[in-house]
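Engineer: Here's a structure for you.
The values are calculated or read from the model by the stated rules, or taken from the named source; none is laboratory data. Fair warning: this is a prediction, and the values are worked out from it, not measured in the lab. Using ideal geometry, Cβ is built from the backbone for each residue, glycine included, and neighbour counts are taken over all protein chains shown.
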Amino acid sequence: MPGCWFFNVWCAAGKKNFSSEEVILQVKNTSLEKIVSHRKLILPQLSATGVSALKVKKTCGFEVVWGPVRARDIKAFLSAPSQADKSMRLVTFTLPERLVLTPVEITQAAKPLLLVLLILFLLSGIGPGIFSLTGLWHRGLMATAFVILGVLSGTVFTPALLPWVPFRAFSLKGAVTGLVFGLGLIWFYSTPVAVLSSLALLLLMVTLSSYLAMNFTGCTPYTSPSGVEKEMRRALPFQTAAAALGLILWVVSAFVHPLL
């Protein structure tokens, strides 16, 4: 992805896919020492978390030179020669750089989203008359609006508003964003929404937004692989419980407020 390829390097290094062993393997497989006269490898700066320059030097004889963060600076880096100025070392995370990642997250969420919507539609038809096509339609459409907004909240609004949303954990940032936009959707909804139904939809939307925003941690320069794993261990149980409670309340609300 233009402007954000360096996060792929950072993630690969953190997961040991971009590692000392892999660099050494590729040097040997390509017989690089027979192709070039020098013995220097320019590697992306953000691969340093997974690559040991000393190990590469000892094993295959190539010296590792840490290049710039972005590929677009390689030409200037070589012209220096091989000297990176401050701008080449600086990792930024501007609004365009954050939003360029959102299409991937939305695409990945598309297939499970269809399953979630199908389940919600079926649950929306359950009521005092056992199953109601009217409830299926009206409540199902309402639930769909909240789910779609929940996806947008976690994949678009949270990244866009990242510097201003409170809390350090991305799961909490997503939950806050989902809560704010969920309350806004209830306020703007044409038909008054009962309290129990509102709570159910808010729980589902906040959970969805929180989960998708948490996935965003692997695309940022703010976190470490161990930090991402720690946050997931903490957040997933709460997200699972909130989603289950939201589904239960959504079914129960049809019996408490059958006209909705």
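Engineer: Are any residues in segment 136-174 part of a loop (DSSP other than H, G, I, E, B), in contact (Cβ under 8 Å) with a residue 40 or more places away in the chain and among the charged types (D, E, K, R), and if so, which ones?
Structural biologist: Scanning segment 136-174 gives no hits.
Engineer: Turning to a different aspect of this structure: How many residues are more than 12 Å from LEU208 (Cβ to Cβ) and surrounded by 16 or more Cβ atoms within 10 Å (Cβ to Cβ) when one looks only at segment 113-137?
Structural biologist: 9
Engineer: Exactly one condition in (1) in contact with a Leu (Cβ under 7 Å, 6 or more places away or on another chain); (2) more than 20 Å from LEU120 (Cβ to Cβ) is not met by LEU149; state its number.
Structural biologist: The number of the failed condition is (2).
Engineer: Looking at this structure, is THR59 assigned to a loop (DSSP other than H, G, I, E, B) and not charged (D, E, K, R)?
Structural biologist: When the stated conditions are applied, THR59 does not pass them.
Engineer: Here is a follow-up. From the list PHE255, PHE238, pick out the single residue that is among the aromatic types (Phe, Trp, Tyr), at negative phi and modelled with pLDDT of 85 or more.
Structural biologist: PHE238
Engineer: Is it the case that segment 19-27 has a residue that's at pLDDT 80 or above and either hydroxyl-bearing (Ser, Thr, Tyr) or in a loop (DSSP other than H, G, I, E, B) (or both)?
Structural biologist: yes
Engineer: Here's something else I'd like to know. Report yes if some residue within segment 215-231 is at pLDDT 90 or above and touching a Phe, Trp or Tyr at 6+ places or on another chain (Cβ under 7 Å); otherwise report no.
Structural biologist: Scanning segment 215-231 turns up no residue that is at pLDDT 90 or above and touching a Phe, Trp or Tyr at 6+ places or on another chain (Cβ under 7 Å).
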